[in-house]
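The values are calculated or read from the model by the stated rules, or taken from the named source; none is laboratory data. Model, not experiment: these values are computed from the prediction. Heads up, the Cβs are rebuilt from the backbone with ideal geometry, glycines too, and the neighbour counts pull from every protein chain shown.
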Amino acid sequence: MIDNGDNITVKKSLFSLIFCTFCLFFSHIAAVESPLVVYLTWQQHPESTMTVHWISPEKESDDIVYYRQNDNEPWKKAVGIHDPLPEGRSDFLIHTVEILNLQPDSVYFFKVGDENKINKFKTMPREMTKPIRFIDGGDLYHDSVEILDKTNTTAAKFDPMFAFLGGDIAYAADKYGRKPEDFSRWLAFLQSWHKNMVTSDGRMVPVLPVTSNEDTKGRYDQTPKEAPFFYALFAMPGQQGYNVLDFGNYMTVVLLDSGHTHPVYGDQASWLEKTLKIREHFPHKFAVYHVPAYPCVRSMNKQPVSIHIRNHWVPIFEKHNLSVAFEHHDHAYKRSVLIRNGKEDPTGVLYLGDGGYGVSNPRKPASPSERWYLAHTAQKTNFIVGTLFPNGNRKFMAVDHEGDVFDEYSMEK
């Protein structure tokens, strides 16, 4: 028999349980009522446009962004489109609004739909009259959200203008393509980015992503249909899977698909040749892709994709004097020597990165004494901070998730 005191305790416990369940239920409903996440990219002209993406419940179908430069101005309106998320997640929409005719090198405030929260972005300059800083990282949401949050927060302290996402962004795709992608991992990544990748002056940081094995069902030799969330969530690089973005007259970036949804050779290699040929005049020329031509962990000669890249892309990089190729995939840090014609050459291309942005236990890389093409390696969680200067010089820092700079390299014009 339960005495009166025990009965009161049981009733209190039951009430607490019901109350907590009630609060959790309605807090979930409240969270779903507003956009789940907002993030930025570009499709063209970073000095005069910005593409705003956000994810919402399906009933919130308005595709409107309000924006202005200061509090004294009335809100302007840009209208875009929406599509249901793939893989049976049509209960959510992905919205895309491209804002056009913006002023170069200018800060804008914006909000999506009826959301009260005001966000902030900055357009790129048309001409480079002061240094420009950006970050590069790959293999991002590999482990816990905590390590991702930590690295995002640390990288934001460098006040980047934009970020290259070098693939293996969410680790959401099934290796054998038998199961749908895990939307919750994409959402967790984007929410961490929105929350933590905020600069000291409150700006959001636009992303330029590339496709990769862990975000493609089947990993390699697939089509965009096998990477449904990557292609649904990012307007750039678009369904072609590879693209180019020109920043004024000072920088061009090619975003490439290292054999996941488009072959390295054939159409993509032909496109790369034509694209870089007409951009030789840019002082800063970068390529971003996932699988490295010159890996620091995996074997150089046993990875078919690495061999394909060296056979089909590297000669094009060298012919048109690419400045830097940002590589990922190996979960460690590497900086190569300058390479041309398969050997060290002061006029060659720098290969930088190898992933590890959100990796708790980085792999052990080969040392420079073990591979001729390596100048520096480290077994560290890492991202790259790049700084471009008006005189054509470049500086790169390798930084770990705690903010410690463990490698620096400068390139003079």
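Structure summary
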{"item": "Within the stretch 389-413, tally of residues that are surrounded by 13 or more Cβ atoms within 10 Å (Cβ to Cβ) and either basic (Lys, Arg) or part of a loop (DSSP other than H, G, I, E, B) (or both)", "result": "9"}
{"item": "Single residue of the stretch 106-150 satisfying the filter (among the hydrophobic types (A, V, I, L, M, F, W, C) and touching a helix residue (DSSP H, G or I) at 6+ places or on another chain (Cβ under 9 Å)) that is surrounded by the most Cβ atoms within 10 Å (Cβ to Cβ)", "result": "LEU140"}
{"item": "Pair list, Cβ under 7 Å, 6 or more apart: the stretch 392-413 residue on the phi > 0 side of the Ramachandran plot, other residue crowded, with 18+ Cβ neighbours inside 10 Å and at pLDDT 95 or above", "result": "GLY392/PRO283; GLY403/THR154"}
{"item": "Odd one out for LYS130 among (1) farther than 24 Å from PRO35 by Cα; (2) of a type in the set (Lys, Arg); (3) touching a Lys or Arg at 6+ places or on another chain (Cβ under 6 Å)", "result": "(3)"}
{"item": "Residues that are under 17 Å from SER306 (Cβ atoms) and not aliphatic (A, V, I, L, M), drawn from the stretch 320-334", "result": "PHE326, GLU327, HIS328, HIS329, ASP330, HIS331, LYS334"}
{"item": "Neighbours by Cβ (under 8 Å, 6+ apart or cross-chain): first from the stretch 68-92, at positive phi; second surrounded by 15 or more Cβ atoms within 10 Å (Cβ to Cβ) and among the acidic types (Asp, Glu)", "result": "GLU87/GLU181"}
{"item": "Candidate set from the stretch 213-244 (those that are farther than 20 Å from SER270 by Cβ and touching a Leu at 6+ places or on another chain (Cβ under 7 Å)); member that is surrounded by the fewest Cβ atoms within 10 Å (Cβ to Cβ)", "result": "MET236"}
{"item": "Flag for VAL210 being surrounded by fewer than 21 Cβ atoms within 10 Å (Cβ to Cβ) and either within 30 Å of MET128 (Cα to Cα) or touching an Asp or Glu at 6+ places or on another chain (Cβ under 6 Å) (or both)", "result": "no"}
{"item": "Enumeration of residues in the stretch 61-85 that are in a strand (DSSP E or B) and not aromatic (Phe, Trp, Tyr)", "result": "ILE64, VAL65, ARG68, LYS76, LYS77, ALA78, VAL79, ILE81, HIS82, ASP83, PRO84"}
{"item": "Single unsatisfied condition, PHE317 versus (1) without any contact (Cβ under 8 Å) to a residue 12 or more places away in the chain; (2) in a helix (DSSP H, G or I)", "result": "(1)"}
{"item": "Verdict on SER360 being out of contact with any Asp or Glu (no Cβ under 8 Å at 6 or more places or on another chain), among the hydroxyl-bearing types (Ser, Thr, Tyr) and either at pLDDT below 95 or on the phi < 0 side of the Ramachandran plot (or both)", "result": "no"}
{"item": "Count of the stretch 117-148 residues which are of a type in the set (Asp, Glu) and without any contact (Cβ under 8 Å) to a residue 12 or more places away in the chain", "result": "1"}
{"item": "Options ASP83, ASP63; residue that is modelled with pLDDT of 95 or more, under 24 Å from PHE230 (Cα atoms) and surrounded by 13 or more Cβ atoms within 10 Å (Cβ to Cβ)", "result": "ASP63"}
{"item": "Matching residues in the stretch 252-296 - criterion: being more than 18 Å from HIS331 (Cα to Cα), touching a residue at least 12 places away in the same chain (Cβ under 8 Å) and aliphatic (A, V, I, L, M)", "result": "VAL253, VAL254, LEU255, LEU256, VAL264, ALA269, LEU272, LEU276, ALA287"}
{"item": "Sole residue being in contact with a strand residue (DSSP E or B) (Cβ under 7 Å, 6 or more places away or on another chain) and modelled with pLDDT of 95 or more, chosen from VAL32, VAL107", "result": "VAL107"}
{"item": "Residue count for the stretch 160-182, restricted to those that are crowded, with 19+ Cβ neighbours inside 10 Å and on the phi < 0 side of the Ramachandran plot", "result": "12"}
{"item": "Members of the stretch 149-186 that are touching a residue at least 60 places away in the same chain (Cβ under 8 Å) and assigned to a helix (DSSP H, G or I)", "result": "LYS150, THR151, THR154, ALA155, PHE183"}
